[in-house]
There are 2 protein chains.
Amino acid sequence: MPYTHTHRVLVALDCIIFGFDGEGLNLLLIKRHFEPEYGNWSLMGGFLNEGESLEEAAHRIVYDLTGLDNNYLEQFQTFGAINRDPVERTISVAYYALVNIEDQDVNAIRLHNASWISLHKKPKLIFDHDRMVQEALKRLRTKAALNPIGFELLPGKFTIPQLQKLYEAIYDTKLDRRNFSRKVLSTNLLVGTGEKDMSSQTKKGQLYTLNAPEYVRQQQGNFGFLPELIMADDRTMPLSNT
Amino acid sequence: MPYTHTHRVLVALDCIIFGFDGEGLNLLLIKRHFEPEYGNWSLMGGFLNEGESLEEAAHRIVYDLTGLDNNYLEQFQTFGAINRDPVERTISVAYYALVNIEDQDVNAIRLHNASWISLHKKPKLIFDHDRMVQEALKRLRTKAALNPIGFELLPGKFTIPQLQKLYEAIYDTKLDRRNFSRKVLSTNLLVGTGEKDMSSQTKKGQLYTLNAPEYVRQQQGNFGFLPELIMADDRTMPLSNT
DNA sequence: GCAAAAGTGTTCTTTGTACACCCATGA
DNA sequence: TCATGGGTGTACAAAGAACACTTTTGC
């Protein structure tokens with residue numbers, strides 16, 4: 001016997017998919033080829049199906065677009081303004097995902113009319129998606145300052161300077177090379193492979209991998225690569241608009 | 001013209017209402033006098049109505065129970081497991097509220113069959129409400145470590161030792177009196193009133209009020225009263241069960 | 001050899017932490 | 001005058017930040 005309360009609404013899920021290309025943070029966005037808002041840019045989303053939890057639906061959506069199913073995926077906020085979707089009352093549970101851009105399924109992405117777009121060049125998005133991106137970035141900054149999740153955006157092997165570039169992108173700032181290196185190594189999260197980064201044109205840095213057990217252990221704890229409190233959540237966003 | 005997608009679900013809101021009684025953190029819980037789960041303990045909740053945003057619905061729910069409408073209220077997670085509500089598929093958007101226990105509307109509370117219960121003595125709650133409390137506390141800890149929101153739980157005038165007791169309750173720890181005092185005063189968030197706390201049996205401490213403009217300014221920023229990283233989110237919870 | 005980027009070390013400053021001591025109050 | 005709790009100071013330890021120097025590589 002169901003509840004007598006009658007107001008049932010559509011539940012959407014929208015995913016802010018972050019990728020890192022070695023220089024800056026990118027978003028995976030789709031150019032809609034369907035109504036409403038045909039031709040405009042949007043986050044990847046979908047509706048909650050029967051017999052599917054929110055987590056499962058979010059995974060499905062990210063998997064459909066990227067072909068990846070082992071991403072970092074975190075729910076961060078639910079948006080429920082009355083007219084946020086002009087078609088019909090819909091509430092949207094928003095997730096952000098961190099994906100390694102090298103592992104993506106290029107065909108799936110092309111099929112959905114999607115592109116990686118630099119955060120600095122983000123176009124205007126439909127509905128309240130601009131705000132979703134802003135909130136996702138805010139959350140990513142707080143989270144990455146306290147937990148070692150940045151690695152999710154990098155390939156399996158990476159150099160410390162590459163890791164630094166990533167953090168500089170997330171916080172839109174410059175960090176001191178020497179202090180950063182010392183701080184990262186002191187966490188015991190990295191294991192040197194002895195290999196060198198052959199893509200470099202100058203001195204080839206050492207490639208590291210994650211110390212997996214230590215990584216899992218520290219996922220629950222807190223840490224910080226960052227000097228001072230860069231994680232303040234009123235810092236200006238590296239967005240071209242909002 | 002609505003979307004063709006057909007799966008529309010009930011949207012509930014559940015509120016974890018925190019109060020501080022001078023000694024420990026308390027939750028405002030209701031003993032249900034209706035089905036399902038008649039007679040069992042539950043968070044205060046309700047369904048989303050037509051023409052009402054999520055924020056508005058959460059405010060309504062807290063207001064109904066406490067008579068207060070100027071609380072700190074923050075959405076923190078949406079729960080959507082398939083069978084989380086045995087009656088019917090329902091997703092629940094959870095909020096936590098910080099209220100000043102002295103301002104409550106005692107009649108409204110009695111009317112709803114509600115009671116303040118110490119976090120340490122929390123009974124088993126219905127559905128997934130235990131987990132909601134756990135997650136709310138985790139969020140409160142992180143938030144209070146970075147933002148000066150603790151004051152929301154105190155009366156307008158309070159002493160520094162009272163504030164310390166509050167933080168000790170939130171983090172279930174002991175803090176050094178002298179270091180705490182120095183740290184708090186250095187934030188410039190407090191203004192001495194010159195008055196003394198006449199309720200004390202021994203030396204009467206000075207009463208302070210919030211430096212309101214500074215408080216608003218620092219709401220967006222970050223700060224920390226706490227030594228070290230007490231905000232680690234894997235610390236044991238001061239809950240009697242879960 | 002030179003420019004560019006990686007790797008390592010050292011100093012100074014700031015912050016955190018652990019204390020000791022004095023003061024105000026009521027019983 | 002004693003027990004309890006508030007208020008202030010100081011000294012040592014740890015962490016953060018600034019900065020100099022060396023090494024590797026491609027041109």
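The values are calculated or read from the model by the stated rules, or taken from the named source; none is laboratory data. Quick caveat: nothing in here was measured; it's all calculated off a predicted structure. Neighbour counts run over all protein chains shown; Cβ positions are idealised from the backbone, glycine included. Quick note on the areas: whole protein, heavy atoms, side chains included, nothing else; ligands and nucleic acids left out. Shrake-Rupley method; radii C 1.70, N 1.55, O 1.52, S 1.80 Å.
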Tally the residues that are of a type outside the set (D, E, K, R) and either farther than 19 Å from A:Asp64 by Cβ or more than 17 Å from the chain's Cα centre (by Cα) (or both), restricting the search to the range A:102-124. 10
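Say we look at the range B:190-213 and pick out the residues that are away from DNA strand C (no atom under 16 Å from the Cβ) and farther than 16 Å from B:Ile160 by Cβ; which of these is most open to solvent (accessible area, probe 1.4 Å)?
Filtering first and then ranking leaves B:Pro213.
Being within 10 Å of another protein chain (Cβ to nearest Cβ) and in contact with a strand residue (DSSP E or B) (Cβ under 8 Å, 6 or more places away or on another chain): is that true of A:Gly46 here? Break it down into steps so the answer makes sense when it comes.
Working: within 10 Å of another protein chain (Cβ to nearest Cβ): yes; in contact with a strand residue (DSSP E or B) (Cβ under 8 Å, 6 or more places away or on another chain): yes.
The answer is yes for A:Gly46.
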Within the range B:146-159, can one find any residue that is at pLDDT 95 or above and of a type in the set (A, V, I, L, M)? yes
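Taking the range A:169-181 on its own, how many of its residues are in a helix (DSSP H, G or I) and either away from DNA strand D (no atom under 14 Å from the Cβ) or not assigned by TED's automatic domain parsing to the domain that holds A:Gly205 (or both)? Spell out the reasoning first.
Going through the range A:169-181, the residues in a helix (DSSP H, G or I) turn out to be A:169-171, A:177-181.
From what's left, either away from DNA strand D (no atom under 14 Å from the Cβ) or not assigned by TED's automatic domain parsing to the domain that holds A:Gly205 (or both): A:169-170.
Result for the range A:169-181: 2.
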Residue, farthest from B:Asp21 (Cα to Cα), within the range B:182-219, restricted to residues that are touching a helix residue (DSSP H, G or I) at 6+ places or on another chain (Cβ under 6 Å) and part of a loop (DSSP other than H, G, I, E, B): B:Asn188
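Could you pull out the residue among A:Asn26, A:Asn70 that is on the phi < 0 side of the Ramachandran plot and loosely packed, with under 14 Cβ neighbours inside 10 Å? Break it down stepwise before answering.
On the way: A:Asn26 fails: loosely packed, with under 14 Cβ neighbours inside 10 Å.
Unique residue meeting the criteria: A:Asn70.
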Conditions (1) touching an Asp or Glu at 6+ places or on another chain (Cβ under 8 Å); (2) modelled with pLDDT of 95 or more; (3) part of a loop (DSSP other than H, G, I, E, B); number of the one not met by B:Asn49: (1)
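For the range B:115-129, name all the residues that are more than 22 Å from B:Glu55 (Cα to Cα) and more than 14 Å from chain A (Cβ to nearest Cβ).
Initially, the range B:115-129 is screened for residues more than 22 Å from B:Glu55 (Cα to Cα), giving B:115-127.
Residues satisfying the conditions are B:Ser115, B:Trp116, B:Ile117, B:Ser118, B:Leu119, B:His120, B:Lys121, B:Lys122, B:Pro123, B:Lys124, B:Leu125, B:Ile126.
Of the residues A:Thr187, A:Thr202, which is within 14 Å of DNA strand D (Cβ to nearest atom), within 14 Å of chain B (Cβ to nearest Cβ) and of a type in the set (Val, Ile, Thr)?
On the way: A:Thr202 fails: within 14 Å of chain B (Cβ to nearest Cβ).
Sole residue among the options that is within 14 Å of DNA strand D (Cβ to nearest atom), within 14 Å of chain B (Cβ to nearest Cβ) and of a type in the set (Val, Ile, Thr): A:Thr187.
For the range B:1-56, enumerate the residues that are hydroxyl-bearing (Ser, Thr, Tyr) and either more than 21 Å from the chain's Cα centre (by Cα) or within 18 Å of A:Thr90 (Cα to Cα) (or both).
Just the residues of the range B:1-56 that are hydroxyl-bearing (Ser, Thr, Tyr), to begin with: B:3-4, B:6, B:38, B:42, B:53.
Within the range B:1-56, B:Tyr3, B:Thr4, B:Thr6, B:Tyr38, B:Ser53 qualify.
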Pair list, Cβ under 6 Å, 6 or more apart: the range A:82-93 residue facing chain B (nearest Cβ under 7 Å) and farther than 10 Å from A:Ala12 by Cβ, other residue small (Gly, Ala, Ser) and open to solvent by less than 40 Å² (accessible area, probe 1.4 Å): A:Ile82/B:Ser53
Kindly indicate whether A:Pro155 is assigned by TED's automatic domain parsing to the domain that holds A:Tyr171, outside any loop (DSSP other than H, G, I, E, B) and open to solvent by 10 Å² or more (accessible area, probe 1.4 Å). no
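Could you please let me know if A:Glu55 is open to solvent by 50 Å² or more (accessible area, probe 1.4 Å) and not polar (S, T, N, Q)?
Details: open to solvent by 50 Å² or more (accessible area, probe 1.4 Å): yes; not polar (S, T, N, Q): yes.
Judged against the criteria, A:Glu55 is a match.
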